[in-house]
1. Could you tell me whether any residue of segment 44-55 is within 25 Å of Phe97 (Cα to Cα) and either outside any helix (DSSP H, G or I) or not assigned by TED's automatic domain parsing to the domain that holds Arg87 (or both)?
2. Report, by residue number, each residue of segment 64-87 that is closer than 17 Å to Leu126 by Cα and surrounded by 16 or more Cβ atoms within 10 Å (Cβ to Cβ).
3. Need pairs with beta-carbon distance below 7 Å; first residue outside any helix (DSSP H, G or I) and within segment 1-15, second of a type in the set (S, T, N, Q) and surrounded by 15 or more Cβ atoms within 10 Å (Cβ to Cβ); sequence gap 6+ or separate chains.
4. State all residues of segment 16-43 that are in contact (Cβ under 8 Å) with a residue 40 or more places away in the chain, among the hydroxyl-bearing types (Ser, Thr, Tyr) and either exposed (fewer than 15 other Cβ atoms within 10 Å of the Cβ) or not assigned by TED's automatic domain parsing to the domain that holds Lys134 (or both); if no residue qualifies, say none.
5. Could you tell me which residue of segment 71-83 is nearest to the chain's Cα centre (by Cα), considering only residues that are under 15 Å from Arg112 (Cα atoms) and outside any loop (DSSP other than H, G, I, E, B)?
6. Hey, among the residues in segment 45-63 that are over 12 Å from the mean Cα position of the chain (by Cα) and of a type in the set (Val, Ile, Thr), which one's surrounded by the most Cβ atoms within 10 Å (Cβ to Cβ)?
7. Do we find a residue being touching a residue at least 12 places away in the same chain (Cβ under 8 Å) and out of contact with any helix residue (DSSP H, G or I) (no Cβ under 9 Å at 6 or more places or on another chain) anywhere in segment 94-104?
8. Has segment 107-120 got at least one residue that is without any contact (Cβ under 8 Å) to a residue 60 or more places away in the chain and loosely packed, with under 13 Cβ neighbours inside 10 Å?
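The values are calculated or read from the model by the stated rules, or taken from the named source; none is laboratory data. These numbers come from a predicted model, not from an experiment. FYI the Cβ positions are ideal-geometry reconstructions off the backbone, even for glycines, and counts take in every protein chain you see.
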Amino acid sequence: MILTNHAKERISKRLVKKKKLDKIYSALFSFLKGAIRVEVEDTVIFTDGKKTLVAVKLNDELLDLKEIAEKVRDIEDTYECVFWDKRLVKITKPRKFLCEIPLGKYYFYMNREKKSMYIGTQEPLLALTFRPAKRWERALFYFS
């Protein structure tokens with residue numbers, strides 16, 4: 001999962017009270033452990049009955065790690081890199097980040113404009129916002 005700037009601000013405001021990237025993602029991982037997932041068309045909602053994370057699915061590719069390395073070989077800028085399987089998030093060069101990932105096939109998504117990269121065995125999501133749960137989301141959580 002990649003976070004928009006708005007989602008980072010909301011998570012830091014509602015869960016962490018700090019704006020450090022590792023704290024924000026750590027709080028996100030903790031939230032997702034106790035949340036239920038609801039898919040509504042292209043939107044994915046995670047709710048714990050009190051708060052809700054709204055995300056959308058991203059267009060991704062399923063690639064071998066060597067193929068991913070070929071795609072990021074020429075990038076010299078720093079990116080926000082997310083390896084979902086080990087819950088690893090860093091702001092670094094993608095080439096350097098790939099050294100920490102074991103061989104295998106992964107879903108890969110990269111946004112060159114926003115300088116973000118996702119690698120993981122689960123399909124990538126873009127978190128749009130983090131808000132208080134609506135009434136139907138609270139009821140859904142308590143009855144599930």
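1. yes
2. Pass one, segment 64-87, residues closer than 17 Å to Leu126 by Cα: 79-85, 87.
Tyr79, Glu80, Cys81, Val82, Phe83, Trp84, listed by residue number.
3. The qualifying pairs are Ile2/Ser116.
4. None; the set is empty.
5. The extreme case among them is Val82.
6. Residue satisfying both the conditions and the ranking: Thr47.
7. No, segment 94-104 has no match at all.
8. Yes: segment 107-120 contains one or more residues that are without any contact (Cβ under 8 Å) to a residue 60 or more places away in the chain and loosely packed, with under 13 Cβ neighbours inside 10 Å.
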